[in-house]
Amino acid sequence: MTEKHTPDYLSDISAKLSVNGIASDGIWYHGTASGLVDAIVADGLIGGGDSEFLNRTQQTLGTIGGRQFESKDPVFITQSKELAYYWAEQKTRARNIYFQKDETPVVFAINLPSELADKVKPDVGAAALVMEPGNDYVTKLQELYIDNGITLNEVNPLQVDRSYFLQMLAMAYIQDQIPATALTLLKA
């Protein structure tokens, strides 16, 4: 795994991590690329919201004769700024390669209104990450756990309770759009 440094203002795992997993204090986080900030500030977080990337992918698939698809992804969120930054790095890298831009990773804090707070679900789709040998995210998590004196035990992701994906892997989603009024762009 490539050594990456999380900016200090986003480092929160040490304060949130215990043998019971990664604590949630009701504030959620979403990591993305700086090129999407204006749209997010204007429209909020929308599932499958990187329409520029999706349209470009669809065009590429059409050009090579591949099957095009519809994306109705939810909004993926986490209870850790540090892990949101990890996902922001992934999105930024993909956009920079695909669009030849120089975007940077950014993280939004999400203070969900009460009518949306109960709609957060554990992302059981993360089972695919756990089953993939050497998955970068799982490796990153294992290192964070070890750095804090805790072991992230190996599990069969098909047999664990759904809560495992939220508590231990910090992976969640919400199907609803998150309004811009619930978002704060975090800055140093």
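Worth a mention:
- Over all other residues within a Cβ to Cβ distance under 12 Å of residue 106, the charged ones net out to +1, with Lys and Arg as +1 and Asp and Glu as -1.
- Measuring nothing but how far apart in sequence close Cα pairs (under 8 Å, 6+ apart) lie, relative to its length, the stretch 10-186 scores a relative contact order of 37 percent.
- Of 171, 129, 84, farthest towards positive along the dipole that unit charges on Lys, Arg, Asp, Glu beta carbons give the stretch 68-188: 84
- Based on alpha-carbon atoms, the Kirkwood radius and the radius of gyration of the stretch 10-186 give Rg/Rh equal to 0.97.
- For the stretch 78-132, the solvent-accessible area of protein heavy atoms averages 46 Å² per residue (probe radius 1.4 Å; ligands and nucleic acids excluded).
- Residue-level accessible surface for residue 85, protein heavy atoms, 1.4 Å, Å²: 30
- Per-atom-type breakdown for the stretch 10-186 gives carbon and sulfur 51% of the accessible area (1.4 Å probe, protein chains only).
- Computed with every protein chain present, the accessible area of residue 176 is close to 50 Å² [probe 1.4 Å].
- Pairs exceeding 18 Å between alpha-carbon atoms, taken from 16/140; 16/187; 16/91: 16/187; 16/91.
- Anisotropy class of the stretch 131-188 from Cα gyration tensor, a/c 1.5 cut: oblate
- Qualifying GluC sites (Glu not before Pro) in the stretch 86-188, where qualification requires a DSSP coil assignment and no more than 15 other C-beta atoms within 10 Å, comprise 154.
- Within-14-Å neighbourhood charge of residue 167 [Cβ basis; K, R +1; D, E -1]: 0
- Ranked by solvent-accessible area (1.4 Å probe, protein heavy atoms only, all chains present), the residues 11, 80, 114 order from largest to smallest as 114, 11, 80.
The values are calculated or read from the model by the stated rules, or taken from the named source; none is laboratory data. A quick note: this is a predicted structure, and the numbers were derived from the prediction, not measured. Quick reminder, even Gly has a Cβ in these numbers, built from the backbone with ideal geometry, and neighbours come from all protein chains shown. Note: areas computed on protein heavy atoms with side chains; ligands, DNA, RNA excluded. Shrake-Rupley method; radii C 1.70, N 1.55, O 1.52, S 1.80 Å.
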